[in-house]
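A short worksheet on the structure shown next.
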Amino acid sequence: MLKRLSSIRYSFIRSHLFGLVLNIFVLLAVLLSIHVWFSPSWLSAGAILLFIAVYILLGLFMSFYAGFRSSGDLKDRIDSLSTVITHLARGNFKTKILFSEEDEIARIAGELNELGGKLQEQKESLVRLADEKAELAKKAHSAATMEERHRLARDLHDAVSQQLFALTMMSQAAVRMFDKKPEKAKQQIEEITSMALQAQTEMRALLLHLRPVHLSGEPLTTGIERLVEELKQKCPIDFHLHLKKMEPFSQTIEEHLFRIVQEALTNILRHSNATEVNVTINKKNKELFLHIGDNGDGFDTAEKEMIVASYGLKTMKERTEEIGGAFAIRSREGEGTHIDIRVPLREVKGEIG
């Protein structure tokens, strides 16, 4: 009820009533002054009261009538403005409103029409940008897929394919010399066995790299444990896991970290000749720490060009920076390689990430 009485229409009625009260006081003062100074016979106290009462009744009627009539048009125009604002809020920026009057409300209507036009232009621009972004993302995905295929093709050709070709040639040579030079044939068969094991390790590394990145709703630690468990059954490497259980965090961060672990293990299988690998994950002061270390051959980190050229290391560094983390690598020849990653976490609605 109070909200209704504060509307434009009742504001107009109140203003008329205030004017009526003011007029009554002025009229009463004039009549009383005439009655006191001149004392005409027709202007008695009763006549004054009757006149004022009739004036109040007529004034009340006229105030309500004039208030409703004068505020009706204004209320309709304000309702029209409200309707336009509602359409703009719902995204219908083509709605327009036109008033024949040239006053402040018409000026506001013109500004709303101009605002709607600008919002419509921005909407169309955003749609165009979204289409262009989707097209660029499609092209980028296609380019990344082709790059990955070319990389795998190079790896298969440079490693597995050449090793298989060498195995074929050495096997044929061993067969030919088996009767004449059995000792040399035996030595060559041992080399063939070594090369076959190396080719098998290379193939496992490539298959590990092709493993899907999605964790299928599993926590990061569970995904790493399953990945390492598969490798234990196929590779002569001792894995030592120190994975601290923690609350789930951002799926994007988990998938990037899982992919980083995959890439690191792939590099270890292919290049390090390691016999032990350590993977550690813990959380401290709203930061997640990931450490991957091995006791393999290692390399000279002073050769920055080699590090930059390494596709695997570059990819891990880019993934770390994409989730706002810091990437560090330590390695020396004969002392293995150690990768340390620090990622800041933030809590959102009971989750971390």
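Miscellaneous remarks
- Among the residues listed as Ser15, Ser44, Ser39, the single one being at positive phi and either in contact with a Lys or Arg (Cβ under 6 Å, 6 or more places away or on another chain) or open to solvent by 50 Å² or more (accessible area, probe 1.4 Å) (or both): Ser39
- Contacts under 7 angstrom Cβ, first residue in the range 79-105 being more than 16 Å from Gln120 (Cβ to Cβ) and in a helix (DSSP H, G or I), partner charged (D, E, K, R) and open to solvent by less than 50 Å² (accessible area, probe 1.4 Å), 6 or more apart: Ile105/Arg77
- Scanning the range 104-143 for residues that are open to solvent by 70 Å² or more (accessible area, probe 1.4 Å) and of a type in the set (S, T, N, Q) turns up just one, Gln122.
- Of all the criteria given as (1) surrounded by fewer than 19 Cβ atoms within 10 Å (Cβ to Cβ); (2) within 21 Å of Lys314 (Cα to Cα), the one not satisfied by Leu269 is (1).
The values are calculated or read from the model by the stated rules, or taken from the named source; none is laboratory data. The structure presented is a predicted model; accordingly, all values stated were derived computationally and were not measured. Positions of Cβ are backbone-derived with ideal geometry, glycine not excepted, and every protein chain shown enters the neighbour counts. We work out accessible area using only protein heavy atoms, side chains counted, and drop any ligands, DNA or RNA first. Shrake-Rupley method; radii C 1.70, N 1.55, O 1.52, S 1.80 Å.
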